[in-house]
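To start, the structure itself, in structure tokens.
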């Protein structure tokens, strides 16, 4: 599966384009965060991507095929859309709502059968919301409704899930539930795209990012190298620090907003120097070994040393690598490794004179 | 016993809803200026299949020529109006959208009045009613689909378009011949099922039945109508076709009802509301329930209209008098419903 946008432009009015020459592409297992301030056009971008709004130029492609040439039924069996929960009609019960997602699999005059109902039960189980069964959608909290909408989207068996600000308007716990769901689905091989205005969520959950500024400028690339203090300043007009919080098990990256910038476009960050670092990896799942190797292979040009050993007693594998590279490349690698399940990773930098 | 699937009616509800209209119709056959006992009604009905049974010819004529066509008409009109009300509510995701509030009823009335004025036959009147009903829906939709589209703007638009067509009806009345056409139009506008024979039924009934069958076949799909545009599209359903079919069916049914028996108000609002409060918003059960209850309600109201006083009471007066309090009691009890 591959979803792409090629050289596409859109504006509600012909003479006023919101974005120009947009390019992006995602493939299996990718989580793409579309990041931008309120009003930058994140929702519009998603709608254009799915063909709900027409591109003025360029097109979206699914597996290399222009999506405008794919029949609606076929397209929506492959792409599932979770709209913002706030505008959603809540006239139905949870099961009825999830069943509506089966639309693309049923004929025009048919109605859901017993196997569709079984699928609904499976989905509720998979998303751990079986307890919502039998409830009416207007009795649900915001977080619960969001989960039901995700279940509805999954009911189409699509491999690409597109979520519009899934975690906004939710409290801490529900944000975590929704974001964990996205991570879990991506780990199962689905492609997930989500809109967010939290840079930290993009950093913690996505491997690719698309930053949209209010003026329509955009950047697309690997999350860790894209989400920098400089780019946040440009896109959001906010001075922020990207810091790491360490627990005994894991490093967490967070973005802390400091102050509103008066002249965000001329903000410059001090450039990163070349750095020497040791990355320590503890791998608790042998199935991830190949993923780790593949990742390391991409950085082989910077590699200075490498050591690995199994520690059978606790069934973990310990890998230490030393590399000399631009600091952002190292951060990128650490970030990519940290996204793998059951992999703990930390970098220690040397002070070079 | 097989457990009903989610959103479907239980077996008991299905059976009750299926026989209810027929029971109402059966008792309605016996009630009227000339009371006929249920046994005699049964006999008379039986006699048309079995020539051995003899019935009083007057009874036979009353049942077959007067009451039966009228009751069939009442069944169909009740079914048609409540189904089209249901369809409009879902179509516009608006609990207040009905043939009356969207101006469809006024538009169709204007078409029918114009047809009478121009001396059309019944088919012509029906086509005119359908056409202007469709024009009215379209105008209402246009007038409320601007920037601030909301529940209120749709209903406001409907009221405006409705009053526009009411004014046009007045214009038709003003130009009509005061001796023959004006009384005809006026009586007909108040709504009456009086002038029915099997001939007028033959023309109107198929339109209502076709509309009902299509909506019944689409009943699960109708659940998608109240969703937002993007949600509906992303469910993989061809939402434009679905909307178009629904609007054609609903307008056709309203037009046919109005052409046959004038403007019968409130059925299209009351019955679907009552069904939603009782059965929820799933059209799997809403469509059959609205059809059954609408038909039964109409037969009951029409029977009262023709038998309560010596002179017949216009049916619109009764639907409002009976329906409004009943509806208010239900709404207070159940706390209303949302779309």
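Where a number appears in this text, it was derived from the coordinates with a stated rule and is not lab data. Worth saying up front: this structure is predicted, and the values here are computed from it rather than measured. Methodologically, a virtual Cβ is constructed for each residue, glycine included, from the backbone with ideal geometry; neighbour enumeration extends over all protein chains shown.
Numerical summary
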| read-out | value |
| --- | --- |
| Spin-label model distance (nm) - residue B:177 vs residue A:86, 7 Å beyond Cα toward Cβ | 6.3 |
| Rounded if a/c under 1.5, otherwise prolate or oblate - segment A:156-306, Cα gyration tensor axes | oblate |
| Residue-averaged 222 nm ellipticity for chain A, from DSSP H runs of 4+ at -39500 (n - 2.57), nearest 500 | -8500 deg cm²/dmol |
| Shielding by partners - mean other protein chain Cβ count within 10 Å, residues of A:151-162 | 1 |
| Förster radius 51 Å - calculated FRET efficiency between residue A:180 and residue B:138, Cβ distance, rounded to 0.05 | 0.60 |
| Length released on extending from residue A:304 to residue A:286, taking residue separation times 0.36 nm less the Cα-Cα span | 4.1 nm |
| Choice from A:33, A:72, A:151 with maximal GNM fluctuation in chain A (Cα, 10 Å cutoff) | A:72 |
| Three-way shape label, the protein assembly as shown, alpha-carbon gyration tensor, a/c 1.5 | prolate |
| Added length on full extension, which subtracts the Cα-Cα distance from 0.36 nm per residue, residue A:348 to residue A:294 | 17.3 nm |
| Helix axis angle, A:289-298 relative to chain A longest principal axis, alpha carbon, degrees | 70 |
| Residue order, fewest to most beta carbons within 10 Å, for A:98, B:301 | B:301, A:98 |
| Segment B:188-305: relative contact order as a whole-number percent, Cα under 8 Å and 6+ apart | 39 |
| For chain A, built as a Gaussian network whose Cα springs stay under 10 Å, the top-fluctuating residue of A:248, A:37, A:54 | A:248 |
| Residue B:278 paired with residue A:315, simple spin-label distance in nm, labels 7 Å along Cα-to-beta-carbon | 5.9 |
| Alpha-carbon radius of gyration plus Dmax, which is the widest Cα pair, for segment B:231-339 in Å | 16.4, 58 |
| Pair residue A:188, residue A:244: separation of 7 Å Cα→Cβ label points (nm) | 3.2 |
| Most mobile of A:192, A:48, A:298 in a GNM of chain A (Cα contacts under 10 Å) | A:298 |
| Volume per residue of the C-alpha convex hull in chain B, rounded to whole Å³ | 153 |
| Nearest-ten-degree value, helix A:142-154 long axis tilted from longest Cα axis of chain A | 80 |
| Per-pair calculated FRET efficiency, R0 = 25 Å: residue B:159 and residue B:326 via Cβ, rounded to 0.05 | 0.55 |
| Between helix A:172-187 and chain A: long-axis angle, C-alpha atoms, 0 to 90°, nearest 10 | 90 |
| Chain A: relative contact order in percent, alpha carbon pairs under 8 Å with at least 6 residues between | 17 |
| Ratio of Rg to Rh over segment A:4-106 (Cα coordinates, Kirkwood Rh, two decimals) | 0.99 |
| Residue order, fewest to most surrounding Cβ atoms within 10 angstrom, among B:198, A:236 | B:198, A:236 |
| Percent of beta bridges antiparallel (DSSP, the protein assembly as shown, rounded to nearest 5) | 75 |
| Computed FRET value (nearest 0.05) for residue A:327 with residue A:131, which takes r as the C-beta separation and R₀ as 35 Å | 0.15 |
| Least to most buried among A:126, A:152 (fewest other Cβ within 10 Å first) | A:126, A:152 |
| Extension reserve of the residue B:118-residue B:33 stretch, reckoned as 0.36 nm per residue once the Cα distance is removed | 27.1 nm |
